[in-house]
Amino acid sequence: MTEAAGRQDPASPPRGSVAVVTLGCARNEVDSEELAGRLAEQGWQLTADPVDADVAVVNTCGFIAQAKKDSIDALLEAADLKGRGRTRAVVAVGCLAERYGAELAAELPEADAVLGFDSYADLSSHLATVLAGGRPAAHQPTDRRGLLPLSPVARPDAARSVMVPGHGVPTPGATRAGAADLAVDPAAATPGVGAHPRLRLDDRPWAPLKIASGCDRRCTFCAIPAFRGSFVSRPPADLLAEARWLADQGVRELFLVSENSTSYGKDLGDLRLLDSLLPELAAVEGIDRVRVSYLQPAELRPALLHAIAGTRGVAPYFDLSFQHASEPVLRRMRRFGSAEAFLELIERVRQLAPTAGLRANVIVGFPGETARDVEVLAAFLAAARLDVCGVFGYSDEDGTEAQTLPDKVAPEEIEERFARISSLVEELTAQRAEERWGERVVVLVEEIDQDGTPLGRAAHQGPDVDGICQLIGDIEDATPGRLVRGEVVGSEGADLVVELS
């Protein structure tokens, strides 16, 4: 946590101290920092460790079974502090709380409150109630897709009356914007100026910037649209203002996050809006690199592909949500594509940017998946030469269509397929890292390890989830936040050894 994260608004009466604990993805990190900003604005003292706080707010993840378990463990760990130190209360927010609400509250009485997204605007009052001995009513879940119009272009105005975490308070008059509207007053919509501020909870030289929330896709395995809602883009003016604010906080890389970045702008009347926004974000003073995440292969238009691969200051990095490669499995997932189509897309990427970073996720053991489907997936991964690939074993998710599908794969078979594909991916990503030996890279230094070795990431490596670069040689100037140049001289797994020059 940065020094700034420990402050409170001197104009607000003191309320107590609060620690925000974040589980899950980078999107959740943005939500946590917005909550921290709201609370600081309303008089709460932010602390880094729950043991030093009156109340611990745990921003949970509800994506898959392991994420749910991790969130519950974090809630129990925080609750265990009560009575042993300063901590007096534990409050659950985030996706798990939104998705299960009263059910989670009943099964986890250790949490003093379980609050959904609609509670975020008045979280301060809820925390005060909890510390006074009250227990706010547990959130009652609803399908948040029903809160906004079915037509995307009708959503911007309606979204002003719906809590969309991580979107802050929109700029007046910025519900629609085209490329001509991108150059805005640097002060407009700056967090803390007429809007709830975002408060950074770490001092990393990169930061996620949420460009949209929700999803309109209907993948049979995914519950996210039901509890995150329909797709809503943030206006470019807000994004540019927040980018400038982040640059002022020492951020050098913007990590653009959403549930589906390829849909950005469709509700603002311009599906090519991200193509125009990227160079504007890259031109923000102090920002050295912009990285886009969460791309849907079926929606990756040629113009956006060119914008990512060819815009100065934008990392040639493609985070592609393949999920599988066998057409029959993809159709049961309600997804498009095939091994051949995906390989053609990868080839187009590498023609435009030969050293581009490519990552993906795949699911094994989906209902109806056959041994032949697994062979198709394995052959695709061998041909794709991805830098990173996350492998997940299928599990039923409450309320999803896949939960009701026949031909379930036996759990022991899912484990066997997971082990096989994971081992294959580990071998393939190590080989891909070896292919990069001799390559010149630009690395953003992120930290110095305990041995004094600088660590960072090159343009083809996404933060947190991908490999790292261990820097050797002339490392005197390799301090966190600096961009340094060198040559890849070795690797270990997906990690690289880079000699600076």
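The values are calculated or read from the model by the stated rules, or taken from the named source; none is laboratory data. The structure presented is a predicted model; accordingly, all values stated were derived computationally and were not measured. Virtual Cβ from ideal backbone geometry, glycine too; neighbours counted across all protein chains shown. What goes into the accessible areas is simple: the full protein's heavy atoms, side chains included, and nothing from ligands, DNA or RNA. Shrake-Rupley method; radii C 1.70, N 1.55, O 1.52, S 1.80 Å.
Side notes on the structure shown:
- Surface composition of region 92-159: carbon plus sulfur atoms hold 54% of the accessible area, using a 1.4 angstrom probe and ignoring ligands, DNA and RNA.
- Any cysteine of the chain lacking a neighbouring Cys Cβ under 4.7 Å - listed by number: 25, 61, 95, 215, 389, 469
- Each residue of region 316-325 was assigned a 3J(HN,Hα) from its phi angle through the Karplus expression (A = 6.51, B = -1.76, C = 1.60, θ = phi - 60°), giving x, 9, 10, 9, 9, 8, 6, 6, 6, 10 Hz with x at Gly and Pro.
- Gap separating the Cα centres of region 121-171 and region 321-355, nearest whole Å: 36
- Of all beta bridges that DSSP places with both ends in the chain, some 30 percent have antiparallel geometry.
- Remark: the chain carries a charge dipole of roughly 1460 debye about the Cα centre, counting +1 on each Lys and Arg Cβ and -1 on each Asp and Glu Cβ.
- Full extension of the chain segment joining residue 385 with residue 102 gains 97.4 nm, where the gain is 0.36 nm per residue of separation less the Cα-Cα distance.
- Protection proxy ranking of 34-47, 431-444 - average other beta-carbon atoms within 10 Å, highest first: 34-47, 431-444
- For the peptides 481-494, 85-98, 110-123, the ranking by mean Cβ contacts within 10 Å, running from highest to lowest, is 85-98, 110-123, 481-494.
- Once backbone amide H atoms are built at 1.01 Å from N, residue 496 has 468, 469, 470 as its partners under 5 Å, excluding neighbours fewer than 5 places away on the same chain.
- Cα-based equivalent ellipsoid, region 322-427: semi-axes from gyration tensor eigenvalues, Å: 25, 15, 11
- Kirkwood-Stokes translational diffusion coefficient of region 425-494, alpha-carbon pairs, 10 °C, 1.306 mPa s, µm²/s: 129
- Ellipticity at 222 nm from helices only: DSSP H runs of n ≥ 4 in the chain, each -39500 (n - 2.57), divided by the residue count, give -9000 deg cm²/dmol.
- Qualifying lysines (Cα of each under 30 Å from Cα of residue 68; at least 8 residues distant if same chain): 82, 210, 408
- The distance from the alpha carbon centre of region 17-78 to that of region 403-447 is 29 Å, rounded to a whole number.
- Spin-label zone in region 343-370 - amide nitrogen under 17 Å from a point set 7 Å from the Cα of residue 65 along the C-beta vector: 363-369
- Carbon plus sulfur fraction of accessible area for region 302-344, probe 1.4 Å, in percent: 54
- Taking the Cα centre of region 451-501 as reference, the dipole from Cβ charges on Lys and Arg (+1) and Asp and Glu (-1) amounts to some 180 debye.
- Theoretical FRET efficiency, 1/(1+(r/R0)^6), r = Cβ-Cβ of residue 348 and residue 370, R0 30 Å, to 0.05: 0.50
- Rolling a 1.4 angstrom probe over region 360-501 with all protein chains present gives an accessible area of which 47% lies on carbon and sulfur atoms.
- All-pairs alpha carbon distance profile, the chain, 10 Å steps from 0, percent: 4, 18, 28, 29, 17, 3, 0
- Ordering 158-166, 456-464, 131-139, 232-240 by mean Cβ neighbour count within 10 Å, with the highest value first, yields 232-240, 456-464, 158-166, 131-139.
- Entry comment: accessible area of the chain is 40 Å² per residue, from protein heavy atoms only and a probe of 1.4 Å.
- Note on region 287-347: with charges restricted to the Cβ of Lys and Arg (+1) and Asp and Glu (-1), its dipole about the Cα centre is near 240 debye.
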